[in-house]
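Each remark here refers to the structure printed beneath this line.
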Amino acid sequence: MEAFANDWRGPHDTTVPVHGDIDLGTVDALDDAFGRAIAHHPAVVRVDLSDVDFADSTALNAFVRWHREGQRCGFHVVFVSPSTPVERLLVLTGLDELLTVER
């Protein structure tokens with residue numbers, strides 16, 4: 001899916017911009033984009049959530065999975081500028097305390 005194309009910033013820092021909805025129908029494409037980003041062994045992966053219209057539990061599961069993968073593999077995942085719906089979901093579930101979120 002084109003909406004999840006990677007925006008490369010360099011060997012130590014990469015951004016995965018996310019647009020539209022994150023749900024069961026789109027999470028595989030998003031997982032693929034995340035996989036392409038970490039294949040280049042960045043120190044930091046930023047997931048830009050500023051243009052996300054909707055996210056459900058599928059998105060939250062992906063966020064936690066990526067966070068754990070980063071811990072296991074030695075890179076840091078930062079969730080950047082969550083849109084209002086995503087911010088509400090992160091706060092409601094307490095994931096804003098587990099994940100690194102840049103507002």
Would you call residue 89 touching a helix residue (DSSP H, G or I) at 6+ places or on another chain (Cβ under 9 Å), surrounded by fewer than 14 Cβ atoms within 10 Å (Cβ to Cβ) and modelled with pLDDT of 95 or more? no
Among the residues of the stretch 80-103, how many are within 16 Å of residue 66 (Cα to Cα) and in contact with an Asp or Glu (Cβ under 7 Å, 6 or more places away or on another chain)? 2
For residue 72, the lone unmet condition from (1) surrounded by 19 or more Cβ atoms within 10 Å (Cβ to Cβ); (2) not in a strand (DSSP E or B) is (1)
Given (1) surrounded by 14 or more Cβ atoms within 10 Å (Cβ to Cβ); (2) outside any helix (DSSP H, G or I), number of the condition residue 53 does not satisfy: (1)
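Out of the stretch 34-67, which residues are more than 19 Å from residue 102 (Cβ to Cβ) and either modelled with pLDDT of 95 or more or of a type in the set (Gly, Ala, Ser) (or both)?
Matches in the stretch 34-67: 35, 36, 39, 53, 54, 56, 57, 58, 61, 65.
The values are calculated or read from the model by the stated rules, or taken from the named source; none is laboratory data. Keep in mind it's a predicted model, so treat the numbers as computed, not measured. As a convention, Cβ positions derive from the backbone with ideal geometry for all residues, glycine included, and neighbour counts pool all protein chains shown.
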